[in-house]
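J.: Okay, here's the structure, questions in a sec.
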Amino acid sequence: VQVVESGGGLVQPGGSLRLSCTASGSIFSINAMGWYRQAPGKVRELVARISYGGTTNYADSVQGRFTISRDNAKNTVYLQMNSLKPEDTAVYYCNLLILTTTLTDYWGQGTQVTVSS
């Protein structure tokens, strides 16, 4: 199984970015999908999570600004980030709970998001 992220970059405060994370390989199904982030000197934290059925939950700091969604046919999870703030600057990682012959956690390689003027 391979997990590849894309969509990070540099954006001004108030701007938007969309992250994508796609899994490929011998996948039976993907249960929960999530996005985490880690800023310099800080622990990795949950940003948003979505179940197979579409139930979502968000960190308080991003509620109302970020939206997580998924396309099960494409084995892809998205994170639409609006009204970005400098404190959103971090490396963002996707996390997928994937069923192949076993149920295993997979992480993406990380993508840098920098919010700065």
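J.: Can you tell me which residue is nearest to residue 105 (Cα to Cα) among those in region 13-72 that are without any contact (Cβ under 8 Å) to a residue 60 or more places away in the chain, of a type in the set (Gly, Ala, Ser) and touching a Phe, Trp or Tyr at 6+ places or on another chain (Cβ under 9 Å)?
T.: Only one residue tops the list, namely 48.
J.: What number of residues within region 5-35 are loosely packed, with under 14 Cβ neighbours inside 10 Å and of a type in the set (A, V, I, L, M, F, W, C)?
T.: Of the residues in region 5-35, 2 are loosely packed, with under 14 Cβ neighbours inside 10 Å and of a type in the set (A, V, I, L, M, F, W, C).
J.: Would you be able to tell me the number of residues in region 94-117 that are buried (at least 18 other Cβ atoms within 10 Å of the Cβ) and under 10 Å from the mean Cα position of the chain (by Cα)?
T.: 5
J.: Among 91, 1, 77, which is open to solvent by 20 Å² or more (accessible area, probe 1.4 Å), of a type outside the set (Gly, Ala, Ser), in contact with a Ser or Thr (Cβ under 9 Å, 6 or more places away or on another chain) and within 18 Å of residue 104 (Cβ to Cβ)?
T.: The unique qualifying residue is 1.
J.: Within region 63-80, can you find the residues that are among the hydrophobic types (A, V, I, L, M, F, W, C) and touching a strand residue (DSSP E or B) at 6+ places or on another chain (Cβ under 6 Å)?
T.: 66, 68, 77, 79
The values are calculated or read from the model by the stated rules, or taken from the named source; none is laboratory data. Values in this document were obtained by computation on a predicted structure and should not be read as measured data. Every residue, glycine among them, receives a Cβ derived from its backbone with ideal geometry; neighbour counts consider all protein chains shown. Side chains are part of the model used for accessible areas, which takes the heavy atoms of the whole protein and leaves out ligands, DNA and RNA. Shrake-Rupley method; radii C 1.70, N 1.55, O 1.52, S 1.80 Å.
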